[in-house]
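**Q** The following block contains the structure, expressed as structure tokens.
What follows draws every value from the coordinates through simple rules; no lab data is involved. Here the structure is a predicted model, which is why all the values come from computation and not from measurement. So basically every Cβ, Gly included, is an ideal-geometry build from the backbone, and we count neighbours across all protein chains shown.
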Amino acid sequence: MRKIMVVFGAMVLSATIAVSTSSADGDLAVAKLLYQKKCSVCHGKDGVPKKRGGESASFNDPEWQAKITVEQIVEIIKEGRGEGKYKMKPLETKLTPEEIEMVARFVKEEFGKKK
Ligand code: HEC
């Protein structure tokens, strides 16, 4: 029963994603979900890096935001980052180009506008 519920939940979720991609607000919701699923374990829901985020900047840091572009974030997501104990693997094959673009914009626009 539990398994069925999980499968059903996943179906509802993907249906929601499909429907919501049609509007700008929907894009934001999808981007947020993507961020929470694919990035927040390391970068924190609030953009402040957790242990696994290693030396990553806080996405809320105005100085970091001033220097970074959406294009650069896209590159980082595709190619990964870092050499040390905590590093980010390339995510190019884990996300579609559209998803990468969306989540990169989310990092820049949502965390950037706070301050
Ligand atoms: C397994 C953990 C992990 C995941 C998952 C992860 N990252 Fe990272 N990320 C890191 C680490 C560690 C660094 C810092 C690497 C270094 O420079 O040493 C980093 C660096 C970055 C940077 C550069 C920050 C800076 O200091 O300039 C960006 C931007 C970034 N990640 C975005 C993302 C996005 C967006 C996602 C989700 C699509 C993501 N990351 C998923 C671990 C992760």
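**Q** Which of the aspartates and glutamates could be linked to K38 by a straight reach, that is with a Cα gap under 17 Å, when you skip same-chain ones fewer than 8 residues away?
**A** Straight-line reach from K38, under 17 Å: D27, D46, E75, E79, E92, E98, E99, E101, E110.
**Q** Taking the Cβ-Cβ separation of A66 and K45 as r and a Förster radius of 25 Å, what is the calculated FRET efficiency to the nearest 0.05?
**A** 0.65
**Q** Taking one equal scatterer on every alpha-carbon of region 32-112, how large is log10 of I(q)/I(0) by Debye at q = 0.14, 0.17, 0.24, 0.26 1/Å?
**A** -0.40, -0.60, -1.32, -1.56
**Q** For labels at T93 and E110 in the simple 7 Å Cα→Cβ model, what's the distance in nm?
**A** 2.7
**Q** Given contacts defined as C-alpha pairs under 8 Å and at least six residues apart, what's the relative contact order of region 32-112, whole-number percent?
**A** Once normalised by length, the contact order is 30 percent.
**Q** Right, here's the next one. Students often forget the sequence filter, so: which lysines lie under 17 Å Cα-Cα from K32 once same-chain residues fewer than 8 apart are removed?
**A** The qualifying lysines are K45, K94, K108, K113, K114.
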